[in-house]
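So the structure is just underneath, and the comments pick up after that.
The values are calculated or read from the model by the stated rules, or taken from the named source; none is laboratory data. These numbers were taken from a predicted model, which means no experiment stands behind them. Methodologically, a virtual Cβ is constructed for each residue, glycine included, from the backbone with ideal geometry; neighbour enumeration extends over all protein chains shown. Calculation scope for accessible area: heavy atoms of the full protein, side chains included, ligands and nucleic acids excluded. Shrake-Rupley method; radii C 1.70, N 1.55, O 1.52, S 1.80 Å.
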Amino acid sequence: MAGKDEKTYKDWGVDMVMPLRVGVVGVGHLGFHHARLYSEILGVHLAGVVDTNEDRAMTTSNALGVPYFTDLQEFIDKCHPHALSVVVPTSLHFSISKMALEKGIHVLIEKPVTSTVEEAAELLTLAEERDLLLQVGHVERFNSAVQHVSSIVNKPLLLQSRRVGPFSPRVSDVGVVLDLMIHDIDIVLSLVPSEIVNISALGRSVCSDHEDIASAHLQFADGTIADILVSRVSQRRLRRLEIMEPERTIAVNYETQDVSIHRCMRENGQGLVEIVEQPIFPKKEPLKLELQHFVSCVREGRQPLVGIGDGKRALEVAVAVLRQISLNRSNVVEQCV
């Protein structure tokens, strides 16, 4: 954002003494938690919630004691929000976020940022032209374990990520790559300071019209390798990342927010002994940290940890993974004919 070093909350037309007026568009499972947490954040006024499903909007309204709307334009006209969380199906991310930005409203879009890279690029340009904040909801970046690891990773050689769990019909508009793998893609990109030079991927549909299982192999220019496996048809849940460096392996458990560091050392110049360290750090609710960060960035006029550029890059890689899955699927079909 132009002049972000000098810009203040008041420069964006918001009185520092008054609460920041925030709205949530889409109050399904995740959107409800956005609304709930905004109602708990100091200095924030949850101005209202918007959902085309009136029963869902009314339920959230009753639970949190805020106005509800079924039309975004009406909400904007009546409540004049400074910022919005957009928590709707991916296919609607672009149109709703564009409308909000054109109205001068700061936006947090849930991941994936948009359906296409071109849409993400257009939103990036619009946010820059209007000097508005546009944050992408890659909530795992605010996981306490991920934030700790980000501060200690040195020279990753191999990253292995596993994110699997049982099937849920709640997410039906995208496959497992845009639903789950994009979290891991974003984290890997944030930890590896190099460009991707090669992507290979495989995926299969099991319970839906999209891929439900996928694996991706990413190679970086500096020699780093990342292997990512995701599944939404597994019997058990697992959310884990291992980072191998020359002299240690760092393991992250996303669900418990635990980190362990494993080293092998020679004891008295003889046999190898494994040493395990378990760092201690504060653990907080990642989504609440993410929303607090969004609010503080709006107030202070600074760029977010996960901006539209990060969201666009993660989407570019996810689209490339989907392209490889489609290509490999076509090759298998041709071989069977």
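Observations on the model:
- Residue pairs meeting the criteria (Cβ under 8 Å; at least 6 apart or on separate chains; first closer than 11 Å to residue 28 by Cα, in the stretch 53-65; second in a helix (DSSP H, G or I) and of a type in the set (A, V, I, L, M)): 60/35
- Residue count, the stretch 147-161 (criterion: out of contact with any Ser or Thr (no Cβ under 9 Å at 6 or more places or on another chain) and at pLDDT 95 or above): 8
- Residue match in the stretch 217-229 (condition: of a type in the set (D, E, K, R), in a loop (DSSP other than H, G, I, E, B) and over 18 Å from residue 165 (Cβ atoms)): yes
- Among the residues of the stretch 88-106, the ones that are under 12 Å from residue 76 (Cβ atoms) and of a type in the set (Val, Ile, Thr) come to 2 in all.
- Residue 74 free of Cβ contacts under 8 Å to residues at least 12 places away in the same chain, farther than 29 Å from residue 320 by Cα and open to solvent by 10 Å² or more (accessible area, probe 1.4 Å): yes
- Members of the stretch 219-255 that are without any contact (Cβ under 8 Å) to a residue 40 or more places away in the chain and open to solvent by 20 Å² or more (accessible area, probe 1.4 Å): 219, 221, 222, 247, 248, 249, 255
- Contacts under 6 angstrom Cβ, first residue in the stretch 104-117 being of a type in the set (Asp, Glu), partner assigned to a strand (DSSP E or B), 6 or more apart: 110/137
- Qualifying positions in the stretch 33-71 - part of a helix (DSSP H, G or I), open to solvent by less than 60 Å² (accessible area, probe 1.4 Å) and touching a Ser or Thr at 6+ places or on another chain (Cβ under 7 Å): 34, 35, 57, 64
- Checked against (1) within 18 Å of residue 143 (Cα to Cα); (2) outside any strand (DSSP E or B); (3) of a type in the set (Lys, Arg), residue 236 passes all but a single condition, namely (1).
- Annotation note: of 179, 186, 173, the sole residue that is modelled with pLDDT of 95 or more and of a type outside the set (Val, Ile, Thr) is 186.
- Residue among 296, 260 that alone is without any contact (Cβ under 8 Å) to a residue 24 or more places away in the chain and within 30 Å of residue 83 (Cα to Cα): 296
- Residue match in the stretch 268-279 (condition: open to solvent by less than 50 Å² (accessible area, probe 1.4 Å), modelled with pLDDT of 95 or more and more than 30 Å from residue 321 (Cβ to Cβ)): yes
- Matching option when the condition is under 19 Å from residue 154 (Cβ atoms) and modelled with pLDDT of 95 or more, among 243, 325: 243
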